[in-house]
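Novice: Take this structure, written in structure tokens, and hold onto it; I'll ask about it next.
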Amino acid sequence: MTTPTDRRAIWETYTSSWTAGSTAERLATYASCLSSDVSYTDPNVAANGYDELAQYMAGFQQQLPGGGFVTKDFSDHHDVAIINWDMVDAAGNVLSPGTSFGGDDGLLKSMTGFFEG
């Protein structure tokens, strides 16, 4: 069973993949934080698997070079977590708050993001 400390570390590793400079870097990061059959949804996309998620993240980086996410609050129990975060630009300026809900099987298996705008 994944402990809360492990789950938080897995989440932070996943979050770092949003700022990775290349698809190859993202894919390398995924192996340590995402289940191979991961599903990700937000108001703009439903992505399944590493390749679809990596494409979506690449598009995010094209629109907001150096942008990423900073975790504000992290709560979890029974293999699920809810996370409040800020989307930031390359300089760390907050652009928008959001919330994600995720479940795991040792690695993140499903994530749903909610954000303004």
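The values are calculated or read from the model by the stated rules, or taken from the named source; none is laboratory data. Being a predicted model, the structure only gives us computed values, none of them experimental. Neighbour counts are summed over all protein chains in view; Cβ atoms, including those assigned to glycine, are modelled from backbone coordinates with ideal geometry. SASA here: full protein model, heavy atoms, side chains in, ligands and nucleic acids out. Shrake-Rupley method; radii C 1.70, N 1.55, O 1.52, S 1.80 Å.
Novice: Would you check if Glu25 is farther than 23 Å from Glu116 by Cα and free of Cβ contacts under 8 Å to residues at least 40 places away in the same chain?
Specialist: Yes.
Novice: Among the residues of region 36-56, count how many are under 19 Å from Asp105 (Cα atoms) and either open to solvent by 60 Å² or more (accessible area, probe 1.4 Å) or at pLDDT below 95 (or both).
Specialist: 3
Novice: Within region 45-58, is even one residue assigned to a strand (DSSP E or B) and farther than 19 Å from Thr23 by Cβ?
Specialist: Yes, because at least one residue in region 45-58 is assigned to a strand (DSSP E or B) and farther than 19 Å from Thr23 by Cβ.
Novice: Quick one: which of Gly102, Gly106, Gly66 is under 16 Å from Arg7 (Cβ atoms), in a loop (DSSP other than H, G, I, E, B), open to solvent by less than 70 Å² (accessible area, probe 1.4 Å) and not hydroxyl-bearing (Ser, Thr, Tyr)?
Specialist: Gly106
Novice: Moving on. Does Val88 satisfy the condition of being at negative phi, without any contact (Cβ under 8 Å) to a residue 60 or more places away in the chain and either touching a helix residue (DSSP H, G or I) at 6+ places or on another chain (Cβ under 6 Å) or exposed (fewer than 15 other Cβ atoms within 10 Å of the Cβ) (or both)? Spell out the reasoning first.
Specialist: Numbers: at negative phi: yes; without any contact (Cβ under 8 Å) to a residue 60 or more places away in the chain: yes; either touching a helix residue (DSSP H, G or I) at 6+ places or on another chain (Cβ under 6 Å) or exposed (fewer than 15 other Cβ atoms within 10 Å of the Cβ) (or both): no.
No, not satisfied.
Novice: Here's a follow-up. Against the definition (in a strand (DSSP E or B) and either open to solvent by less than 40 Å² (accessible area, probe 1.4 Å) or of a type in the set (S, T, N, Q) (or both)), how does Met111 come out, yes or no?
Specialist: yes
Novice: Within region 87-103, is there a residue that is among the acidic types (Asp, Glu), touching a strand residue (DSSP E or B) at 6+ places or on another chain (Cβ under 8 Å), modelled with pLDDT of 95 or more and farther than 20 Å from Tyr30 by Cα?
Specialist: First, pick out the residues of region 87-103 that are among the acidic types (Asp, Glu): 89.
Still in the list and also touching a strand residue (DSSP E or B) at 6+ places or on another chain (Cβ under 8 Å): 89.
Going one step further and asking which of them are modelled with pLDDT of 95 or more, we end up with 89.
Among the residues that remain, those that are also farther than 20 Å from Tyr30 by Cα are: 89.
Yes: one or more hits.
Novice: Considering only region 6-31, how many residues are among the small types (Gly, Ala, Ser), closer than 17 Å to Gln62 by Cα and in a helix (DSSP H, G or I)?
Specialist: Taking region 6-31 as the starting set, the residues that turn out to be among the small types (Gly, Ala, Ser) are 9, 16-17, 20-22, 24, 28, 31.
When the remaining residues are screened for being closer than 17 Å to Gln62 by Cα, the result is 16-17, 20-22, 24.
From what is left, the residues that are in a helix (DSSP H, G or I) are 16-17, 24.
Of the residues in that region, 3 qualify.
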